[in-house]
Amino acid sequence: MSGNSPETLTAENIRCDLSNPAELEKLSRTIPQPRAIVHCASSNRGGPDAYRKVYLRGVENLVKHFPHSPLFFISSTSVYAQNDGSLVDEDCPAEPERESSQILREAEDITLAHQGTVLRLSGIYGPGRSFYLRSLLDHSARLEPADKPRYLNQIHRDDAAAATDHLIQQPAPVVGGQIYNVTDDHSPTQRECYQSLAAFLHRSSPPESNSENKSKRSRKHRRISNQKLRDTGWQTIYPSLLDALNNDPTFIPSFIHCPKEAKKS
């Protein structure tokens, strides 16, 4: 089987460990130079060591062994540390406190230094995956204090995929070396989100929380702007979670038939 023809490529003969430079070096000699590379990976909820292996080492090896292929690195809005409810765009400082997010920033910097493109995704939701909808359905949802509102930032799975494809189609000199926030058009507060979901499903609003939520979610209070991405011509399919509930026919049924997701959005 020749590795020089795209028609011969399969998942088997391009599969490799991105953290292993020897495997990447072998792959670079086996397949044609890709038109674009998308680094979209999960650490499987691992700690810093997993992040270094999956993200940092992976990006380092990709830019080394495929230097002429534009790299699109899927990062996270968790790299923003703002917690004051402000509107955050790509020009705002990204100085995360968590070590895992600091490692993402290192991988971002390597990508940008090689004229790659960074996509910072907010919390992903979609069929079978929505922390807030799941919590409402299993009655674990609790409303945070009204005097301490917290903005939520989310993106539908299909919108995230469409944004990635959209940027790949743009001229490399335009998007190379750039950062784009990938989030939907609406940042509701946690209370607004639960109350609107309850109204949509004709359910009672969740009870008030009787203790302050100390989870990492409660520390994220900012509105992520998607204006830079929209300026390139991209538009959301689902401007908000409620739009997805109204217009994605697979959304609600998926929560009836799917087990609880392994990772919260």
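The values are calculated or read from the model by the stated rules, or taken from the named source; none is laboratory data. Since this is a predicted model, take the numbers as computed values, not measurements. So basically every Cβ, Gly included, is an ideal-geometry build from the backbone, and we count neighbours across all protein chains shown.
Quick notes
- Residue count for the stretch 33-58, restricted to those that are of a type outside the set (Gly, Ala, Ser), in a helix (DSSP H, G or I) and either farther than 23 Å from GLU99 by Cβ or without any contact (Cβ under 8 Å) to a residue 40 or more places away in the chain (or both): 4
- Number of positions in the stretch 227-251 that are surrounded by fewer than 17 Cβ atoms within 10 Å (Cβ to Cβ) and either of a type in the set (Val, Ile, Thr) or in contact with an Asp or Glu (Cβ under 7 Å, 6 or more places away or on another chain) (or both): 6
- Residue in the stretch 145-156 that is at pLDDT 95 or above and surrounded by fewer than 16 Cβ atoms within 10 Å (Cβ to Cβ) present: no
- Members of the stretch 107-116 that are part of a loop (DSSP other than H, G, I, E, B) and under 13 Å from HIS39 (Cα atoms): GLY116
- Test: residue in the stretch 164-176 that is closer than 18 Å to CYS193 by Cβ and in contact with a Leu (Cβ under 6 Å, 6 or more places away or on another chain): no
- Restricting LEU62, LEU27 to residues that are touching a Cys at 6+ places or on another chain (Cβ under 8 Å) and either at pLDDT 90 or above or among the aliphatic types (A, V, I, L, M) (or both) narrows the list to LEU27.
- Qualifying position, being in contact with a strand residue (DSSP E or B) (Cβ under 7 Å, 6 or more places away or on another chain), farther than 20 Å from ILE74 by Cβ and charged (D, E, K, R), among ARG191, ARG134: ARG191
- Exactly one residue out of GLU90, GLU95 is under 18 Å from TYR51 (Cα atoms), part of a loop (DSSP other than H, G, I, E, B) and touching a residue at least 12 places away in the same chain (Cβ under 8 Å), and it is GLU95.
- Residue count, the stretch 66-90 (criterion: under 25 Å from HIS166 (Cα atoms), in contact with a Lys or Arg (Cβ under 9 Å, 6 or more places away or on another chain) and not hydrophobic (A, V, I, L, M, F, W, C)): 9
- Within the stretch 59-76, the set of residues being within 17 Å of the chain's Cα centre (by Cα) and either small (Gly, Ala, Ser) or in a helix (DSSP H, G or I) (or both) comprises VAL59, SER75, SER76.
- Just one of the numbered conditions (1) outside any helix (DSSP H, G or I); (2) touching a strand residue (DSSP E or B) at 6+ places or on another chain (Cβ under 6 Å) is not true of LEU104: (1).
- With respect to the conditions (1) surrounded by fewer than 18 Cβ atoms within 10 Å (Cβ to Cβ); (2) farther than 29 Å from ILE124 by Cα, LEU27 lacks only one, and its number is (1).
- Cβ-Cβ distances below 8 Å connect the following pairs, each with a first residue in the stretch 19-32 that is under 12 Å from GLY58 (Cα atoms), a second residue that is small (Gly, Ala, Ser), and a separation of six or more residues or different chains: SER19/GLY58.
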